[in-house]
2 protein chains.
Amino acid sequence: MNFFTERLRLEAPIFQAPMAGAQGHALAAEVCEAGGLGAIPAAALSLEALDAELNALRAETKRPFNVNFFAHHPPSPDAEELRAWHAALAPYYKEFSLDPGTIPKGPGRMPFNADAVAVLKKYRPAAVSFHFGLPESALLDQVKSLGCLVLSSATTADEALWLERHGADAIIAQGAEAGGHRGMFLTEDLHSQIGLMALLPQITAAVKLPIVAAGGIADVSGIRAARALGASAVQIGTSYLACPESTISALYRATLASPNARFTALTNLFSGRPARGIMNRLMRELGPMCASAPRFPLATNAIAPLRVAAEAKGDTGFSPLWAGQNAALAKMRPARELTRYFIDSWHSS
Amino acid sequence: MNFFTERLRLEAPIFQAPMAGAQGHALAAEVCEAGGLGAIPAAALSLEALDAELNALRAETKRPFNVNFFAHHPPSPDAEELRAWHAALAPYYKEFSLDPGTIPKGPGRMPFNADAVAVLKKYRPAAVSFHFGLPESALLDQVKSLGCLVLSSATTADEALWLERHGADAIIAQGAEAGGHRGMFLTEDLHSQIGLMALLPQITAAVKLPIVAAGGIADVSGIRAARALGASAVQIGTSYLACPESTISALYRATLASPNARFTALTNLFSGRPARGIMNRLMRELGPMCASAPRFPLATNAIAPLRVAAEAKGDTGFSPLWAGQNAALAKMRPARELTRYFIDSWHSS
């Protein structure tokens, strides 16, 4: 028996990666209805919006689902840090005739908190996954008392061990191939971020918890490989990003389907934390890892006006184009059909 | 039937990665005798030394083996470029009381050439593999006329296609996890260097040639995963580096077995081309990818005296400590026993 199919009542342990800002209940519901684990990314949502998303999802499916939160520690804003960041972006503000006075204030992404627990209590998701570690133990206990399976991402064997010791029920091993934010939380050293081929054996050797493989998995061969390397489930992101049910812009969608999608890099420009996205103008010109970018999530606010202005001109040069290293394998199929393909792939492997 | 076992008469398609400066016939012979494909790295050898190595190997085994060459285009030395490099290293020369006048001159690594063909003619190896592309077609034809199977490394699908079109008989798909020099030859963009989990499906989709998977493979799970991803053989380096038959220093061996071996990076400091090695003092202080490092292989000469002086004090801070991302899985077993384990792993997967 498979831990995840049993515990989460799935047809096969196929997890749709939660992708903040790129999908909501429409995608998740299709994955759930096909027998996989759909996910609602909560990190970029207000609690009201999260409640609305979960309500909409519940209306569309009675099957188990996952809700994902960021578990970061918000930094206290530092005026000097933001000044340096705004100075780095000033030439672009000028180019697009934007007023730096319009840069939104505020904390950007909110971490998981007690109010979020109250929302979860209404919907009791089968799984709750975290990125950037875990919330403090009192909060985590509340999540567990709702019966939710608790997962979190590890990018090194040390992080997997830490998660096991701090109460995670399962580990998402996030290989360097993965798109979007690196879940790294015990290190800031990008050299520690290794490929799934190396990461999975190291994590399976380090912990006893069941493991979900993430990063570069896009077809039956990837699912077979992840199983061979000890994973009990796979989490798939980029392939779902290309589904018609995702909420990405037409520009983003076109870039994802273009040969440019082969060139991704880890960049801190869009949030302050390293995340894998398709190389674009801002990444090329400031360097994808930029010392002027402030701490997560403080970089986000000053990017937003640039992104809006550029996209209005059909330009993705200032947009976060999150994608993994295997975007080329994305099949552009409806999410339900894609999930059935992954489920069949699991069963045949 | 497997292309490689049939063509190369192996017990299983287990290739020992050629590791210049780190091993010779002693390791290769044990791999061959166990039924794998042992390899002689020729890149750091004079033709006389290569002849001696092949002669010694032939005395120890009648089984098929591989000889590996670099196929780079040597740059014409540029005085300004070398001056900048020597200036970057000057503080270290001072610290070790070394005279920059002692820096050896000369071209460093020699690429494959007609004289090497003459040596190959004496030994007619079953396989000849290249790194950094392929030699020009007239030379390549001479190698093929000796009956050698010609392989070369691809780090992107574009490189695999290029190799297929230029006469390679098989492709070594080198994932970003791999230790030592990146075989990249159509790009200098490190962002194009992706994990094996993403690279193998992209290369298998791009070319018809049989594929050898390389990078992070160190146990039965890695072999299974590589097969699942479409590889017909695996090439294993770091695990063989840890064998008693390798010729690495005691300091290197100890570092490889230490927790530090988890932290590798691509660095151009030791040769001028990016290669994966264990992070050390020079890499930390100059940055692993340093703009002052001259073109390959011109960086090598000025590193040599520093390396010797530091190693004499038990310090690996200036040594190239090539290793892949899975050094933690190296088993420190004799090469013959290790090869038998890999062969059994292949058959059971």
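Miscellaneous remarks
- Contact order normalised by residue count of segment B:71-180, Cα under 8 Å, 6+ apart, percent: 22
- Loop-located trypsin sites (Lys or Arg not before Pro) in segment B:295-349 (DSSP state other than H, G, I, E, B) with a sparse environment of at most 11 neighbouring Cβ atoms within 10 Å: B:Lys313.
- Phi-derived couplings, Karplus 6.51 cos²θ - 1.76 cosθ + 1.60 at θ = phi - 60°, listed residue by residue for segment B:67-78: 10, 10, 10, 8, 10, 7, 9, x, x, 6, x, 10 Hz, with x used for Gly and Pro.
- Label distances, nm, B:Ala90 versus same residue in remaining copies, Cβ-directed 7 Å point: 3.4
- Whichever lysines have a C-alpha closer than 21 Å to that of B:Lys144, once near sequence neighbours (fewer than 8 apart) are set aside: B:Lys62, B:Lys121, B:Lys122, B:Lys208
- Peptide B:199-211, shielding by other chains (average Cβ, 10 Å cutoff): 3
- DSSP beta bridges in the protein assembly as shown [antiparallel fraction, %, rounded to 5]: 20
- Taking amide H as placed 1.01 Å from N in the peptide plane, the amide H of A:Ile40 sits under 5 Å from that of A:Asn66, A:Val67, A:Asn68, each at least 5 places away or on another chain.
- Computed over the protein assembly as shown, the quotient of the alpha carbon radius of gyration and 2.2 N^0.38 Å is 0.98.
- Cross-link partners of A:Lys313 among aspartates and glutamates, defined as those whose alpha carbon lies under 17 angstrom from its own and excluding same-chain residues fewer than eight positions apart: A:Glu95.
- 4 °C / 1.567 mPa s Stokes-Einstein diffusion coefficient of segment B:30-106, Kirkwood radius on C-alpha pairs, µm²/s: 81
- Mean sequence separation of contacting Cα pairs (under 8 Å, at least six apart), scaled by the length of segment B:208-273, corresponds to a relative contact order of 25 percent.
- Considering only A:Gly101, A:Gly36, A:His72, and ranking their Cα positions along the charge dipole of segment A:1-119 that arises from unit charges at the beta-carbon of Lys, Arg, Asp and Glu, the one farthest toward the positive end is A:Gly36.
- Label 7 Å beyond Cα on the Cβ vector: A:Leu251 copy-to-copy distances, nm: 5.3
- Degrees, to the nearest 10: B:196-206 long Cα axis against longest axis of chain B: 60
- Considering all C-alpha pairs of segment A:240-349, those separated by over 19 Å amount to 50%.
- Taking amide H positions as modeled 1.01 Å from N, with prolines and chain starts lacking one, the residues under 5 Å from B:Asn326 and 5 or more places away or on another chain are B:Gly216.
- C-alpha long axis of helix A:114-123 to longest principal axis of chain A, angle in °: 50
- Inverse of mean 1/r across different Cα pairs in chain A, Kirkwood, Å: 20.2
- With Rh defined as the Kirkwood radius, the inverse of the mean 1/r over Cα pairs, the Rg/Rh of segment B:255-304 is 0.99.
- Inter-copy label distances at B:Lys105, using a point 7 Å along Cα-to-Cβ, come to 6.8 nm with the shortest given first.
- DSSP beta bridges confined to chain B are antiparallel in about 20 percent of cases.
- Dimensions (Å) - segment A:1-135, Cα atoms, principal axes, largest first: 57, 29, 27
- Computed magnitude of the charge dipole of chain A (debye, nearest 20; Cβ of K, R +1, Cβ of D, E -1): 480
- Cβ crowding within 10 Å averaged over residues, with B:168-178, A:197-207 ranked highest first: B:168-178, A:197-207
- Magnitude of the charge dipole, the protein assembly as shown, Cβ model with Lys/Arg +1 and Asp/Glu -1, debye to 20: 760
- With the convex hull drawn around the C-alpha atoms of segment B:125-179, the volume per residue stands at 73 Å³.
- For chain A, averaging the sequence separation of C-alpha pairs within contact (under 8 Å, six or more residues apart) and dividing by the residue count gives a relative contact order of 20 percent.
- The distance linking segment B:21-40 with segment A:266-314 is 48 Å (Cα centroid to Cα centroid, whole angstrom).
The numbers here are math on the coordinates, done by the rules we state, and not lab data. For clarity, every value in this text was computed on a predicted model and none was experimentally measured. FYI the Cβ positions are ideal-geometry reconstructions off the backbone, even for glycines, and counts take in every protein chain you see.
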